[in-house]
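Here's the structure we're looking at; comments come further down.
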Amino acid sequence: MYWDKAVETLPAGELEALQLRRLRETVARALLSPFYRERLEAAGVTPESIRSLEDVQKIPLTTKDDLRRRGPDFLTVPKTELVRLHASSGTTGQATVIYYTREDIEAWADLVARSMYMTGVRPGDVFQNMMGYGLFTGGLGFHYGGERLGCLTIPAGAGNSARQIQLMRDHGATVIHIIPSYALYLLNHFEALGVDPRDLPLRLAFIGAEPHSEDMRRRIEAAYGLKAFNSYGLSEMNGPGVAFECPEQNGMHVWEDAFLMEVLDPGTLTPAAPGTVGELVFTNLTRRGMPLLRYRTRDLASYDDAPCPCGRRMKRLSRIQGRTDDMIIIKGVNIFPLQIEQVLMSLPEVHTNYLVELSRKNFNDIMTVKVEVREEFFTEDLRQLNALRKRITEALKSELLVTPVVELVEPHTLPAGEGKAVRLVDRRSEG
Ligand code: DLL
């Protein structure tokens, strides 16, 4: 049940002691980098000044902008000790580069293997990794994890849907790693080929890298006949394998022996209480080549520190509710795209895809939600379609408190890809 029982079940107090020791070691290491030498000296932070975990708050926060501007200044080893680099997907602006030493790659592979093992993957499983190989961490991160665990690992990569299905059938994939929006999209190809994914030996899936709702997970589980686990990570903290769901499927355990997590009130930047949504801030506790201290992720979530029936004490993270930078403010109301998804995916008539467009007319913000409707509900009868459109509008309005313009479109007409889904197009600056 445990990949590393001693660490995963560390009793109260011992985990914190380990974290404190590693935090001080990391501060000492970070002082080897030009960036943190400047920052920490200016703030008067030394390893000795960190006497408790709360003292982490003495350390200045690190932002994506720091990484963009000063990238190589974060290195604590000569470049000759580096064996890999990855770059963030850059969904919000220019990409940032992360460098890894050999030990960093090994430690990362171990965390991913631990995550996979926790959900029930075992040596001998056939693991099809359907994420982009390359600068994105989702592909190679899980590839090394799968091999480490002892799976027959298929480096399928992203896209090429017909081949994905062929590979699954030919090699009897039992475990898949897939972007959730692509998992729903791929169902169209299964249907076209007349193959029912439930007839395949698939039993587990890892879905992550983009926000998705509980209903979306249940749809994927039902359509594929498997259990799907939420997986969270970001390039700046290696990539995947930062937090992962256990068989309870009730929050993602943060691997706190490797990452010190803070959840901060986005306004005051002071610690948020358990159960309260705040911005996630992470500090590497084991990284060698490029340790980051108090990295602001911009991701919003809450945590639960109650013991989990699985026996792990490590805190559990809620679903990522959104990012501080993807919040839509419309008519003064704050809206996260995930709220829209939650409403849409709970309606059986809604197909797999949707798109939110913001525009401006006469100084008024307009939110248009384009919704794909399942074939069987897309009738020629205008009255019925209108009734459905009204129902969707009402459902969105009661969740969001603003009234969107809902447009119903036929299945497969909205743009869909193999990478992270684009759910929001903001044209307000054009109008
Ligand atoms: O997406 C790492 C990853 C790969 C995670 C594969 C899981 C699976 P980046 O490209 O740097 O790294 O993007 C990181 O994606 O800050 C979140 O905003 C978002 N994200 C990642 N996982 C989840 C998730 C990878 N489970 C950014 N739910 C993060 C919601 C997620 N958002």
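The values are calculated or read from the model by the stated rules, or taken from the named source; none is laboratory data. Treat the numbers as computed from the prediction; the structure is a model and nothing was measured. So basically every Cβ, Gly included, is an ideal-geometry build from the backbone, and we count neighbours across all protein chains shown. The protein model used for the area step is the full one, side chains on, heavy atoms only, and it has no ligands, DNA or RNA in it. Shrake-Rupley method; radii C 1.70, N 1.55, O 1.52, S 1.80 Å.
Tabulated values for the structure
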item: The range 143-153, subset within 13 Å of the ligand (Cβ to nearest atom) and open to solvent by less than 40 Å² (accessible area, probe 1.4 Å), residue farthest from Phe190 (Cα to Cα); result: Gly145
item: Checking Gln342 against (1) open to solvent by 70 Å² or more (accessible area, probe 1.4 Å); (2) assigned to a loop (DSSP other than H, G, I, E, B); (3) within 26 Å of Ser181 (Cα to Cα), the condition it does not meet; result: (2)
item: Single residue of Thr286, Thr270 found to be more than 14 Å from the ligand (Cβ to nearest atom) and closer than 19 Å to Gly141 by Cα; result: Thr286
item: Any hit, the range 128-135, residues being over 17 Å from the mean Cα position of the chain (by Cα) and without any contact (Cβ under 8 Å) to a residue 40 or more places away in the chain; result: yes
item: Any hit, the range 241-256, residues being in a loop (DSSP other than H, G, I, E, B), closer than 29 Å to Gly146 by Cβ and of a type in the set (Phe, Trp, Tyr); result: yes
item: Test: residue in the range 370-381 that is away from the ligand (no atom under 16 Å from the Cβ), within 24 Å of the chain's Cα centre (by Cα) and within 30 Å of Ala12 (Cα to Cα); result: no
item: Selection from the range 83-142 of residues that are hydroxyl-bearing (Ser, Thr, Tyr), in a helix (DSSP H, G or I) and more than 12 Å from the ligand (Cβ to nearest atom); result: Tyr117, Thr119
item: Residue, nearest to Arg21 (Cα to Cα), within the range 279-323, restricted to residues that are among the polar types (S, T, N, Q) and assigned to a loop (DSSP other than H, G, I, E, B); result: Thr286
item: Single residue of the range 207-225 satisfying the filter (within 16 Å of the ligand (Cβ to nearest atom) and of a type in the set (Gly, Ala, Ser)) that is farthest from the chain's Cα centre (by Cα); result: Ser213
item: Counted residues, the range 360-382 - those being in a strand (DSSP E or B) and more than 26 Å from Tyr185 (Cβ to Cβ); result: 5
item: Some residue of the range 191-205 being part of a helix (DSSP H, G or I), surrounded by 21 or more Cβ atoms within 10 Å (Cβ to Cβ) and basic (Lys, Arg); result: no
item: Of all residues in the range 154-179 being in contact with a Pro (Cβ under 9 Å, 6 or more places away or on another chain) and open to solvent by less than 10 Å² (accessible area, probe 1.4 Å), the one that is nearest to Val373 (Cα to Cα); result: Ile165
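Conditions (1) touching a Lys or Arg at 6+ places or on another chain (Cβ under 9 Å); (2) assigned to a helix (DSSP H, G or I); (3) at pLDDT 95 or above; (4) open to solvent by 50 Å² or more (accessible area, probe 1.4 Å), marked per residue:
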| residue | (1), (2), (3), (4) |
| --- | --- |
| Met1 | no, no, no, yes |
| Ala12 | yes, no, no, yes |
| Ala17 | no, yes, yes, yes |
| Val27 | no, yes, yes, no |
| Leu40 | no, yes, yes, no |
| Glu54 | no, yes, yes, yes |
